[in-house]
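**Student:** Mind having a look at this structure? Questions to follow.
The values are calculated or read from the model by the stated rules, or taken from the named source; none is laboratory data. What you see is a predicted model; the values in this text were computed from it and never measured. A quick note on method: Cβ atoms are made from the backbone with ideal geometry, for glycine too, and the neighbour counts reach across all protein chains shown. Side chains included, ligands, DNA and RNA excluded: accessible areas come from the protein's heavy atoms. Shrake-Rupley method; radii C 1.70, N 1.55, O 1.52, S 1.80 Å.
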Amino acid sequence: MDPGVPRRVLLVDDDGVTRSVLAKLLGVRGFEVIEAESGGTALKALSQPNAPRMAVVDWNMGTINGPELCRILRGRSPYTYVVLTTARDGRKPLVEAMNSGADGYIQKPVDPDELEAWLVAGQRIVDLQDRLLKAHGELEQRATHDALTGIKNRASLLEILGRELRRTRRTGLPTGVALFDVDHFKNVNDNHGHQAGDQVLIEVAQRCQAVVRDYDVFGRYGGEEFMVVLPGATTSHAAAIADRLLKAIARKPVPTAAGVLAITASAGVAATDLGYLEQEALLGAADGALYQAKRDGRACVRSAQPLAPKADADFPASEPDTMKASN
């Protein structure tokens, strides 16, 4: 925690005099104290944005006593460090307090130095947890997002597409996919440098992110190729969305370190309404449509063809010539 920033504590006790005394003791020791007169009030306070992460809680209260409040808080996030205070003595209440989820236990009358020691330790625990959560979030971001553009990466896209296809097989609702890449991207790198190429990819990602639907999943498939997973989209819907993306990319030149560059992209789309219910087949169909768009002059969208039915090997469409000769 930054020096000079008050350590925030929620003080929970149904006795107003006790609360007032402890609040003053903690205040002179550099703590910012928020008071609550019951377990219910404490839960409301801890549910607010920027709620205190530490609490000093009296054992004996009304409907929600100290141990019960601890048990409730242990099912919540973020973590709240709790010190229970009680006039009870002996080992049994100590064991009960720890089993309820309390972090600390102090007998009344409360010794200010002992309480401060518990709260100093609590602040370290809260700060450590925050750092761990931040590190975990950064690792998860790196694992699921592209480092250059900040959008979903290939592994994350494939995982999400697999999930949507399972939903399609379960519910019958369609799933579409669009694959597209930047036209003549190699020329951008060769003629203007890789820095300009990176700036083109970043700008393409930003423009596409701005026009996809809220529930679509857009990401970088690899190199200059991007992909959009389109829940609920048929092939015609996927083609319309892809066309909107290509227009967003081409609407104005992209500023780069090498100057402004006119950029276009080509797209191929496919969806489960064509019969492609397996991930590999769906992506293969979209990829084939993308290559058709390139053959047709680029800067356009092409849709995959319906999946051809498999011939039944047990019932050939025509008799072999040898059979005909024998008749």
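**Student:** Can you run down the residue pairs with Cβ atoms below 7 Å, 6 or more apart or on separate chains, where the first is in the stretch 110-126 and under 14 Å from residue 25 (Cα atoms) and the partner is hydroxyl-bearing (Ser, Thr, Tyr) and open to solvent by less than 30 Å² (accessible area, probe 1.4 Å)?
**Tutor:** 110/85
**Student:** What are the residue pairs meeting all of these: first residue in the stretch 63-74, first residue more than 14 Å from residue 14 (Cβ to Cβ), second residue in a helix (DSSP H, G or I) and not charged (D, E, K, R), Cβ atoms under 6 Å, and 6 or more apart or on different chains?
**Tutor:** 67/100; 70/100; 71/100
**Student:** Which residue, of 223, 219, is closer than 21 Å to residue 293 by Cα and at pLDDT below 95?
**Tutor:** 223
**Student:** How many residues does the stretch 47-57 hold that are open to solvent by 10 Å² or more (accessible area, probe 1.4 Å) and either more than 26 Å from the chain's Cα centre (by Cα) or on the phi < 0 side of the Ramachandran plot (or both)?
**Tutor:** Number of matching residues: 5.
**Student:** Another question, then. Show me the strands (runs of 3 or more DSSP E) entirely contained within the stretch 234-281 in which 3 or more residues are closer than 23 Å to residue 298 by Cβ and touching a residue at least 12 places away in the same chain (Cβ under 8 Å).
**Tutor:** Ranges flagged: 254-256, 265-271.
**Student:** Is the stretch 156-177 home to any residue that is under 23 Å from residue 299 (Cβ atoms) and modelled with pLDDT of 95 or more?
**Tutor:** Yes, the stretch 156-177 contains a residue that is under 23 Å from residue 299 (Cβ atoms) and modelled with pLDDT of 95 or more.
**Student:** Can you name the number of the only condition in (1) among the aliphatic types (A, V, I, L, M); (2) in a helix (DSSP H, G or I); (3) in contact with a Pro (Cβ under 7 Å, 6 or more places away or on another chain); (4) surrounded by fewer than 22 Cβ atoms within 10 Å (Cβ to Cβ) that residue 97 fails?
**Tutor:** Status for residue 97: all satisfied but (4).
**Student:** Looking for something open to solvent by 70 Å² or more (accessible area, probe 1.4 Å), of a type outside the set (A, V, I, L, M, F, W, C) and either in contact with a Ser or Thr (Cβ under 7 Å, 6 or more places away or on another chain) or within 24 Å of residue 173 (Cα to Cα) (or both) - is there at least one such residue anywhere in the stretch 269-277?
**Tutor:** yes
**Student:** With respect to residue 195, is the statement that it is outside any loop (DSSP other than H, G, I, E, B), at pLDDT 95 or above, open to solvent by 20 Å² or more (accessible area, probe 1.4 Å) and in contact with a Ser or Thr (Cβ under 6 Å, 6 or more places away or on another chain) true?
**Tutor:** no
**Student:** Which of the residues spanning the stretch 219-232 are within 17 Å of residue 301 (Cα to Cα) and either open to solvent by less than 20 Å² (accessible area, probe 1.4 Å) or small (Gly, Ala, Ser) (or both)?
**Tutor:** 226, 227, 228, 229, 230
**Student:** Here's a follow-up. Output the residue which, of all residues in the stretch 60-74 that are in a loop (DSSP other than H, G, I, E, B) and open to solvent by 70 Å² or more (accessible area, probe 1.4 Å), is nearest to residue 100 (Cα to Cα).
**Tutor:** Residue satisfying both the conditions and the ranking: 74.
**Student:** Quick one: residue 164 ticks every box in (1) more than 30 Å from residue 201 (Cα to Cα); (2) open to solvent by less than 40 Å² (accessible area, probe 1.4 Å); (3) in a helix (DSSP H, G or I) except a single one, so which number is it?
**Tutor:** Going through the list (1) more than 30 Å from residue 201 (Cα to Cα); (2) open to solvent by less than 40 Å² (accessible area, probe 1.4 Å); (3) in a helix (DSSP H, G or I), residue 164 breaks only (1).
**Student:** Working carefully through the options 174, 93, 109, find the one that is farther than 21 Å from residue 53 by Cα, touching an Asp or Glu at 6+ places or on another chain (Cβ under 6 Å) and not aromatic (Phe, Trp, Tyr).
**Tutor:** The conditions single out 174.
**Student:** Please verify whether the stretch 183-191 includes one or more residues that are surrounded by 14 or more Cβ atoms within 10 Å (Cβ to Cβ) and aromatic (Phe, Trp, Tyr).
**Tutor:** yes
**Student:** Here is a further query. Which of the residues belonging to the stretch 195-214 are within 13 Å of residue 253 (Cα to Cα) and small (Gly, Ala, Ser)?
**Tutor:** 196
**Student:** Of everything in the stretch 121-143, what is among the polar types (S, T, N, Q) and open to solvent by 40 Å² or more (accessible area, probe 1.4 Å)? Give them in sequence order.
**Tutor:** Within the stretch 121-143, 129, 141 qualify.
**Student:** Does at least one position in the stretch 146-154 carry a residue that is assigned to a helix (DSSP H, G or I) and over 30 Å from residue 53 (Cβ atoms)?
**Tutor:** Yes, there is a match, as at least one residue in the stretch 146-154 is assigned to a helix (DSSP H, G or I) and over 30 Å from residue 53 (Cβ atoms).
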